[in-house]
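Novice: Sharing a structure here in structure tokens format.
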Amino acid sequence: MKKDLNVRPYRPTFVKELSDGDMDRRYESCRALLDTFSNAVSRSKVLFSDECAIYCSARDRNMVFWSKENPNFTQDLEHNPPHVMIWAGMTSDYLTGPYFFDGPVNAASYSAMLETWLIPQLRDRGLLDDVWLQHDGATAHFALSVRDVLNESFPGRWIGRGSPTSPAPLP
């Protein structure tokens with residue numbers, strides 16, 4: 001198709017919009033974190049974590065459009081298609097997880113995962129008093145009840161929206 005029709009393959013872009021101030025806040029956060037974790041030993045104590053949704057929908061992410069020019073095609077994502085949420089974390093030395101959420105990830109389910117699964121695992125490994133938990137700014141992570149659990153179990157040692165290490169308040 002490239003040779004005979006002079007067209008190229010283009011994939012649609014799946015987008016989530018960022019606000020104007022996101023870049024500045026991200027830069028400030030990165031500078032503050034680099035200052036906090038200035039050497040490899042301190043960086044090895046950060047437990048990087050995230051959730052992943054495994055979708056049960058017919059949406060095809062391998063779709064390709066053949067065109068002479070980039071169509072700049074974007075596709076809105078279906079709101080709440082059937083899926084399973086999985087959480088995992090890792091440091092430079094070990095993996096934690098996976099943890100499968102039974103239903104949606106919200107303040108209650110995330111707090112329950114922390115209190116009944118992650119914190120006991122870290123305590124059993126002797127890591128709870130030394131590890132820094134990093135998570136993103138998802139709505140469930142920012143809930144006051146979740147921040148209370150984090151402040152109690154990781155006092156001054158968690159990274160995310162609303163954390164003690166945030167360089168500036170976030171909306």
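No value in this document is a laboratory result; all are computed from the given coordinates. Model, not experiment: these values are computed from the prediction. Because the Cβ atoms are built from the backbone with ideal geometry, glycine has one as well, and the counts that use them run over all protein chains shown.
Novice: How much length is gained if the chain between Leu5 and Ser92 is pulled fully straight, taking 0.36 nm per residue apart and subtracting their Cα-Cα distance, in nm to one decimal?
Specialist: 26.4 nm
Novice: Excluding residues on the same chain fewer than 8 positions from Lys2, give the aspartates and glutamates whose Cα lies under 17 Å from its Cα.
Specialist: Those aspartates and glutamates meeting the cut-off are Glu69.
Novice: Another question about this same structure. I want to make sure I understand the PRE zone here: with the label point 7 angstrom from the Cα of Thr139 toward its beta carbon, which residues in the stretch 102-121 have backbone N atoms less than 14 Å away?
Specialist: 104-110
Novice: Could I ask something else about it? Please give me, ordered by residue number, the chymotrypsin sites (Phe, Trp or Tyr not before Pro) of the stretch 73-160 that lie in loop per DSSP and have at most 14 other Cβ atoms within 10 Å.
Specialist: Loop-located and lightly packed - Phe73, Tyr94.
Novice: I want the local charge near Phe154. Using Cβ-Cβ distances under 15 Å, sum +1 for each Lys or Arg and -1 for each Asp or Glu among the other residues.
Specialist: Once all neighbours under 15 Å are counted, the net charge is +1.
Novice: Using the basic label-point model (7 angstrom from Cα toward the beta carbon), what is the Asn39 to Arg123 distance in nanometres?
Specialist: 3.1
Novice: How far apart, in nm, are the 7 Å Cα→Cβ label points at Asn106 and Asp148?
Specialist: If labels sit at Asn106 and Asp148, their model points lie 1.7 nm apart.
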